[in-house]
Amino acid sequence: MPQSCQKFAKAASERKHNLSYRFPEKPLCLCHHQKYSHASCTGMILLTVFGCVCVCHREIIDKVHQRYNQTWKKNEKNYLKFRDNLRVNCNGFDNAIITQNNTPLGSNIVYSGERKRTLQVKWDYFDLFSKENPFSNKKWDTCSVVGNGGILSESSCGKMIDSADFVIRCNLPPLENGYEKDVGIKTSLVTANPTIFFNKYGSLAGRRLPFVESLRKYGNSLLLLPAFSFGMSTAVCQRVAYTIQDFKSPIQPVFFNPQYLDSLAQFWRSEGLKEVRLSTGLIMVSMALELCENVHLYGFWPFSNHPYGLYNLTNHYFDDVPPQAIVHSMPAEFDRLLQLHTEGVLRLHLGDWNG
């Protein structure tokens, strides 16, 4: 237990508080996943029934409450303005996914994460591209974009998430074994980080059936693959598509268009985000704002304490594995999403299903 926490615990005991305290080995800090220093918080520890929380981080939550707790109402004017701005600058409706039309045979693909790397489209890849835009002539009224934040644990948001016309999920998350109540089971589009294929499925170099069986929970949804962000991802994403074809899985593999990712990064830079790379969650929110009239966000909370109660949260609702490298500015992204919430452009859900 930190020395400052010990002092407060002793003081609480002397005042004969009838509360049962369970202290962590270190203060429950909002930003411990971000590896920020606590030096500025020395001697400023808030004692709660859940542990020690740096006061400066409690102030962050209080400021979030001030902005979030206002009665939410969609602002159609603000929504249309932001959506139209996205369409003019990014056009995710037509360009988010590679098709045989927007990326013809013989054309060159420039990788979004490695600007000097290109790939000439030959038949082996062209044949895997969507023959037509999967979003063509489609428009959804409501969309749920589901992040994987620990805030979803015990949230009971599952039914509300599944009630949307179109449900977007990130990085092949677990939906079964008790998670259904909190995150639902409906999936219309799901993304996949190639590290999952490397680390969990041996790059699909061996037995592939376990991978195919893991996809059953997503039904006939779109599986969005970043094959052309980095060179290391291209071959394994190709094997994923071949595996799905060979085993006749109903899921539909499609590929991120790196041109769209570049234009989206430029758009958000113009909005004040200067991070190294956009998170998958923010990319999906951006797509949803073009595809859907009413966008609802769940599981977007970048801090390690719950906004209501301050108890400690795991990094994801299904594990507490921290990110290996900090390439996203999650608090800055959240701040921008919170601003869009207060402007009535989208609705951000925090806390339980009533949030």
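Each reported figure results from applying straightforward, stated rules to the coordinates on display, with no laboratory input. Remember, predicted model here, so these are calculated numbers, not experimental data. Note: ideal-geometry Cβ built from the backbone for every residue, glycine included; neighbour counts use all protein chains shown.
Take the alpha carbon atoms of region 244-316, find their center, do the same for region 113-138, and report the distance between the two centers in whole angstrom. Cα centroid of region 244-316 versus Cα centroid of region 113-138: 20 Å apart.
Taking other Cβ within 10 Å of each residue's Cβ, how do Tyr317, Tyr311 sort, fewest first?
Details: Tyr317 23, Tyr311 13.
In order of increasing Cβ crowding within 10 Å: Tyr311, Tyr317.
Scaling against 2.2 N^0.38 Å puts the C-alpha radius of gyration of region 76-348 at 0.97. For Phe255, the residues 5 or more places off, or on other chains, whose built amide H falls under 5 Å of its own are Ile98, Ser130, Leu225.
Calculated FRET efficiency, Asp162 to Ser107, Cβ-Cβ distance, R0 = 45 Å: about 0.70 to the nearest 0.05. For Leu348, the residues whose amide H sits under 5 Å from its own are Leu297, ignoring neighbours fewer than 5 places away on the same chain, with H placed 1.01 Å from N.
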